[in-house]
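Working notes, beginning with the structure itself.
The values are calculated or read from the model by the stated rules, or taken from the named source; none is laboratory data. Keep in mind that what you see is a predicted model, and the values were worked out from it rather than measured. Here the Cβ is made from the backbone with ideal geometry for all residues, glycine too, and neighbour counts use every protein chain on show. Areas reflect the complete protein model, heavy atoms only, side chains present, ligands, DNA and RNA absent. Shrake-Rupley method; radii C 1.70, N 1.55, O 1.52, S 1.80 Å.
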Amino acid sequence: MTTIAVIGLGNMGGPMAANLVKAGHPVVGYDLMAESREQAKAAGVSVHGGAVTAVRDGDADIVITMLPAGKHVRAVWSELLPVAKRGALFIDCSTVDVDSARAVHDLAAKADIASLDAPVSGGTGGAKGAALTFMAGGTDEAFARGKPILAAMGKKIVHCGGAGAGQAAKICNNMILGISMIGVGEAFVLAEKLGLSHQALFDVASTSSGQCWSLTTYCPVPGPVPASPANNGYKPGFAADLMLKDLKLSQEAALSAGAITPLGAAAAQLYALFQAAGHGGEDFSGMINFLRGMAKEGRA
């Protein structure tokens, strides 16, 4: 089987590595956090003392990174590419800016190593259940090599185009998500003011033109969708901090590309206020409670 190194064994990378082990692959890995290393070890990952040793001494055929930001991906790939085995494939599953994604593709090309940017959608639940969606950018050849590995961690793998296209797709998708969740939250707040029950609005909108994922799968009020974080005290799920990160990336990309995204900009501002009020660790659907608070304060 293919030996895989996973660098970044946190809330997403750890379960992803565990699913690769379940698929029968020898998996080596490293994370800065001792707790993450121990959890990965318990899942069958051979944990090394550093990223370089995991890739070099682990003789990795494929290297997967899941890291916080573009600067981390650039730094880690700069360390790992020189020690990688000939013919290796590097896959970055982090959500980062498009410029960083393209920069590490360039680093890999100079090292004569194939590469993909393949950010994910599906959150921690999708990572644990091997139900992630991967949005991949890179050459046809690199995608063909990487797809079977990604399929062990996800249920849908889409080749979006060349270098950076996966990140572009992820940023656009999550801008839609951030905007739509605010819209759904506003509708429920209005419905409450008008004396309409949550269930009545859900029953109508979920089968009408207001239907969207933020409503039917991730409904921000308790009751209509039992599996949504609203029924679990708004524990993430997908934290508001991460939503704000993605919305900021969308606005950086919009500025760079000369795109006009007024709703994306407004969503980023609202989530920045939500975070500043101390809610960054809550699920992003908890924005509805912030909207209710703004209404009480006469700001909405």
Among helices (runs of 4 or more DSSP H) entirely inside the stretch 1-57, those with 1 or more residues being at pLDDT 95 or above, closer than 19 Å to residue 81 by Cα and not acidic (Asp, Glu) are 51-56
Out of the stretch 145-183, which residues are in contact with a Gly (Cβ under 8 Å, 6 or more places away or on another chain), assigned to a helix (DSSP H, G or I) and of a type outside the set (Gly, Ala, Ser)?
167, 175, 179
Exclusive hit being out of contact with any Gly (no Cβ under 8 Å at 6 or more places or on another chain), of a type in the set (Gly, Ala, Ser) and at pLDDT 95 or above, set 228, 214, 256
228
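Results for (1) touching a strand residue (DSSP E or B) at 6+ places or on another chain (Cβ under 8 Å); (2) open to solvent by less than 10 Å² (accessible area, probe 1.4 Å); (3) under 21 Å from residue 264 (Cα atoms), shown as yes or no for each residue.
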{"residue": "158", "(1), (2), (3)": "yes, no, no"}
{"residue": "165", "(1), (2), (3)": "yes, no, yes"}
{"residue": "200", "(1), (2), (3)": "no, no, no"}
{"residue": "204", "(1), (2), (3)": "no, no, no"}
{"residue": "207", "(1), (2), (3)": "no, no, no"}
{"residue": "219", "(1), (2), (3)": "no, yes, yes"}
{"residue": "227", "(1), (2), (3)": "no, no, no"}
{"residue": "232", "(1), (2), (3)": "no, no, no"}
{"residue": "240", "(1), (2), (3)": "yes, yes, yes"}
Considering the stretch 267-282 alone, what residues qualify as being open to solvent by 20 Å² or more (accessible area, probe 1.4 Å) and in contact (Cβ under 8 Å) with a residue 60 or more places away in the chain?
270
Looking only at residues that are touching a residue at least 24 places away in the same chain (Cβ under 8 Å) and over 22 Å from residue 12 (Cβ atoms) in the stretch 253-265, which one is most open to solvent (accessible area, probe 1.4 Å)?
263
For residue 94, only one of the following conditions fails: (1) assigned to a loop (DSSP other than H, G, I, E, B); (2) open to solvent by 50 Å² or more (accessible area, probe 1.4 Å); (3) among the polar types (S, T, N, Q). What is its number?
(2)
Show me the helices (runs of 4 or more DSSP H) found entirely inside the stretch 189-279 where at least 1 residues are among the basic types (Lys, Arg).
240-257
Select from the stretch 50-91 the residues that are open to solvent by 20 Å² or more (accessible area, probe 1.4 Å), more than 19 Å from residue 166 (Cβ to Cβ) and not small (Gly, Ala, Ser) and list them in ascending order.
52, 53, 56, 57, 59, 61, 79, 82, 83, 85, 86
Failed condition for residue 106, given (1) open to solvent by 20 Å² or more (accessible area, probe 1.4 Å); (2) at pLDDT below 95, with all others met?
(2)
Suppose we filter 87, 126 for residues that are under 21 Å from residue 27 (Cβ atoms) and assigned to a loop (DSSP other than H, G, I, E, B); which single one remains?
87
Does the stretch 11-27 contain any residue that is over 17 Å from residue 154 (Cβ atoms), of a type in the set (A, V, I, L, M, F, W, C) and open to solvent by less than 30 Å² (accessible area, probe 1.4 Å)?
no
How about the stretch 115-133: which of its residues are buried (at least 21 other Cβ atoms within 10 Å of the Cβ) and either farther than 20 Å from residue 171 by Cα or among the hydrophobic types (A, V, I, L, M, F, W, C) (or both)?
116, 118, 120, 127, 132
